[in-house]
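The structure appears below as structure tokens.
The values are calculated or read from the model by the stated rules, or taken from the named source; none is laboratory data. In this text the structure is predicted, and so the values were computed from the model without any measurement. Cβ coordinates were reconstructed from backbone atoms using ideal geometry, including for glycine residues, and neighbour counts include every protein chain displayed.
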Amino acid sequence: MSYKDVYQGWQKDPDAFWLEAAQAIDWDTAPNKALSDENAPLYEWFKDTKVNTCWNAVDRHVENGRGDQVAIIHDSPVTGSKKWITFVELRNRVSSLAGALRAKGVEKGDRVIIYMPMIPEALEAMLACSRLGAIHSVVFGGFASNELAVRIDDAKPKCIIAASCGIEPGRVVHYKPLLDEAIDLAHHKPAFNVIFQRENEVAELKEGRDYNWHGFQYGTDPADCVPVEGDHPAYILYTSGTTGQPKGVIRPTAGHLVALNWTMKNLYNVDPGDVFWAASDVGWVVGHSYICYGPLIHGNTTIVFEGKPIGTPDAGTFWRVISEHKVKSFFTAPTAFRAVKREDPKGEFVKKYDLSCLKQVYLAGERADPDTIEWAQQQLNVPIIDHWWQTETGWAIAANPLGIEELPIKLGSPSLPMPGYDVQILDEGGHPVKNGELGAIAIKLPLPPGTLPTLWNAEDRYRKSYLNTFPGYYETGDAGMKDEDGYLYVMARTDDVINVAGHRLSTGGMEEVLASHPDVAECAVIGVSDDLKGQLPVGFLCLNAGSNRPHEDVVKEVVKLVREKIGPVAAFKLAVVVDRLPKTRSGKILRGTMVSIADGKEFKLPATIDDPAILDEIKGALKTIGYAKG
Ligand code: COA
Ligand code: AMP
């Protein structure tokens, strides 16, 4: 079957399409129908079912004779260790952990926050939650205590599972003190914490509140899988929106299982038993879908990689891991390839390894620039597939589905919509635009299985952020166009979200932090383009009239403040003091114009601008910090 046949098959009968895909899942109560539309425009999938995620990701493979197959490979250049865990071992470890959590009162529907680095125990914690029907929320290790506290207050977890530390090149990230501070900051207090003590740093435990990962499992009974309703949340994953308050994306259990399983063969072109590697972090959606759940549900071996594309120890690490563990499909972010390319433009490291196992490479998380794709094609000589998706969708909206058919690759495009997604480019009035014209990228409702049904505790925000602008559509927040063959081009965000090294961040959230500095009267944060990280945040500060502090001191303080409040991952290092910000006559800050100035792009002087002379001041300010390309 061709891509076209498959896509048209879905269009003709979506319910039949997804019911067929659902046959690959082990159900406790199998579905009779796929879509529930009684609450449109809120939709749900496989609502009338009972199923367990952990059973499908772990136990069933043991039952079906894959028990001795390696499920997880931990490859950790930062600690110099490697470890292999089979499906039988994984089942035993996860059921024991789940049993201990249950003995402390964790049950179906309870939330559990997981704050862990790239170690197999992070996946085990996720799977132990899904075994019990508890709803996990993984928080990325690069976020500071304050961000963790915001998530604790929103998710209200019964317990938090953390590691004693993480390892970044050159420094130890002290997870436990960060966790303690977050709990102090949060209004909601979890009943207890479980701490996985790493050899690199043993954390201090608070008697009666913190339990040792191993110790607290002693003497408890392992837990069986608890079947849950198809629409039961498997997890909540917080992602950046326009403000400092992150959005809690809900992942529904059954749709998640069906959709991810479908993608493993059709999109990523792997069969059960093959090794699949996504070099991301469990704190991001890519880590949820393609380090943990997707590969395990499909019976693949997954790799938990604790390292960086460069410097751990060199720009050949990716190739070493691929060759050593026989990776068939590899998934990474364009920024990672840019980092490798910068250090090893001629691919000297590539030549050192036998990469004959590698059949295809996937890029996502940010726009994949043609130069990077071409470089990777030349080095690796396999298809380099750009695909586009978001935390909200959990799997690809547009891609080149190699397991069905290799579509012609067009550089700069993530190719065509996947079954389940009817993607349209709309003008401001919500009407489809012509091919080749830019517009807002929207998806006709309903979204397919596995995508978010709503936001945790925030249905109004869900409607406002995604459904209200274009009735009948889901607003992706991305802008772009389609060409005459229907290929999509995703060009920019339409909101205050920026993408720094494949990490999704809110400039609005950073502005809230800058505004909290006592000397700052007004501020703006924009994302300027960066050759390595795609985008970098730059802050503009207007100081209070009475402030006579040296500008460089205030700049240093706000940089420190963003690191403390949001975390190192914000990569906020550039700020500059200006007298005024460019605004419209009605007082709206012209952030888009500032971005154009920084990036040296042509722009139309906004008709409503209050005082055009300010733009020269902005350009001058950017020059002083080396960021005016024009
Ligand atoms: N825990 C704690 N801190 C973290 C962290 C984590 N899990 N991940 C990143 N950080 C810190 C880094 O140490 C760095 O801190 P610093 O300011 O003290 O140097 C800061 O956050 C910024 O990190 P990053 O943006 O990753 O920059 P980098 O210079 O360390 O590395 C790259 C650059 C390109 C090599 C790196 O960004 C990379 O590998 N990107 C790929 C991202 C990716 O796979 N994203 C997944 C989406 S699909
Ligand atoms: P996240 O939710 O962190 O996965 O970030 C999702 C956002 O990253 C999308 O809305 C896009 O803005 C951007 N993005 C992800 N993948 C791509 C891609 N292949 N091409 C262009 N932008 C992308």
Taking only pairs six or more apart or across chains, which ones have beta-carbon atoms under 8 Å, a first residue in segment 477-506 that is closer than 18 Å to Val286 by Cα and in a strand (DSSP E or B), and a second residue that is acidic (Asp, Glu) and within 9 Å of ligand 2 (Cβ to nearest atom)?
Asn499/Glu366
I'm checking my understanding of the structure. Among residues of segment 387-396 that are within 9 Å of ligand 2 (Cβ to nearest atom) and assigned to a loop (DSSP other than H, G, I, E, B), which one is farthest from Thr454 (Cα to Cα)?
His387
Report, by residue number, each residue of segment 358-386 that is in a loop (DSSP other than H, G, I, E, B), free of Cβ contacts under 8 Å to residues at least 60 places away in the same chain and more than 17 Å from Ala501 (Cβ to Cβ).
Leu358, Asn381, Val382, Pro383
Is it the case that segment 53-61 has a residue that's acidic (Asp, Glu) and surrounded by fewer than 18 Cβ atoms within 10 Å (Cβ to Cβ)?
no
So how many residues does segment 128-154 have that are under 18 Å from the mean Cα position of the chain (by Cα) and either aromatic (Phe, Trp, Tyr) or under 16 Å from Arg251 (Cβ atoms) (or both)?
8
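Among the listed residues Leu355, Leu363, which satisfies the condition of being under 23 Å from the mean Cα position of the chain (by Cα), closer than 24 Å to Asp271 by Cα and at pLDDT 95 or above?
Leu363
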So for segment 219-237 (the condition being within 18 Å of the chain's Cα centre (by Cα), closer than 23 Å to Trp277 by Cβ and hydroxyl-bearing (Ser, Thr, Tyr)), does at least one residue qualify?
yes
For segment 256-287, which residues satisfy the criterion of being more than 16 Å from ligand 2 (Cβ to nearest atom), of a type in the set (A, V, I, L, M) and not in a loop (DSSP other than H, G, I, E, B)?
Leu257, Val258, Met264, Val275
Residues of segment 565-587 satisfying the condition of being free of Cβ contacts under 8 Å to residues at least 60 places away in the same chain, within 26 Å of the chain's Cα centre (by Cα) and assigned to a loop (DSSP other than H, G, I, E, B)
Lys573
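Residue-wise test of (1) within 29 Å of Ile160 (Cβ to Cβ); (2) in a helix (DSSP H, G or I); (3) of a type in the set (Phe, Trp, Tyr); (4) within 16 Å of ligand 1 (Cβ to nearest atom).
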| position | (1), (2), (3), (4) |
| --- | --- |
| Glu38 | no, no, no, no |
| Glu63 | no, yes, no, no |
| Asp75 | yes, no, no, yes |
| Trp84 | yes, no, yes, no |
| Val106 | yes, no, no, no |
| Val112 | yes, no, no, no |
| Leu123 | yes, yes, no, yes |
| Ala128 | yes, yes, no, no |
How many residues are within 24 Å of the chain's Cα centre (by Cα) and among the charged types (D, E, K, R) when one looks only at segment 37-81?
2
Would you point out which residue out of Pro345, Pro272, Pro313, Pro309 is of a type outside the set (A, V, I, L, M) and near ligand 1 (Cβ under 10 Å from one of its atoms)?
Pro309
Among (1) out of contact with any helix residue (DSSP H, G or I) (no Cβ under 7 Å at 6 or more places or on another chain); (2) under 22 Å from Ile597 (Cα atoms); (3) modelled with pLDDT of 95 or more, where does Ile526 come up short?
(1)
Subset of segment 154-171 (residues that are farther than 11 Å from Arg111 by Cβ and not acidic (Asp, Glu)):
Ile161, Ala162, Ala163, Ser164, Cys165, Gly166, Ile167, Pro169, Gly170, Arg171
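Working carefully through the options Tyr293, Tyr235, Tyr268, find the one that is within 21 Å of Asn52 (Cβ to Cβ) and in contact with a strand residue (DSSP E or B) (Cβ under 7 Å, 6 or more places away or on another chain).
Unique residue meeting the criteria: Tyr235.
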What are the pairs, 6+ residues apart or on separate chains, where a residue within segment 387-399 that is closer than 10 Å to Val249 by Cα has its Cβ under 9 Å from a residue that is of a type in the set (D, E, K, R) and buried (at least 24 other Cβ atoms within 10 Å of the Cβ)?
Thr391/Lys247; Glu392/Lys247; Gly394/Arg251
Do the conditions hold for Phe87, that is, is it closer than 30 Å to Glu324 by Cα and surrounded by 21 or more Cβ atoms within 10 Å (Cβ to Cβ)?
yes
From the residues in segment 468-497 that are modelled with pLDDT under 95 and either among the hydrophobic types (A, V, I, L, M, F, W, C) or crowded, with 21+ Cβ neighbours inside 10 Å (or both), which one is nearest to Val569 (Cα to Cα)?
Val497
Being outside any strand (DSSP E or B), modelled with pLDDT of 90 or more, surrounded by 20 or more Cβ atoms within 10 Å (Cβ to Cβ) and not small (Gly, Ala, Ser) is the requirement here; does Val562 meet it?
yes
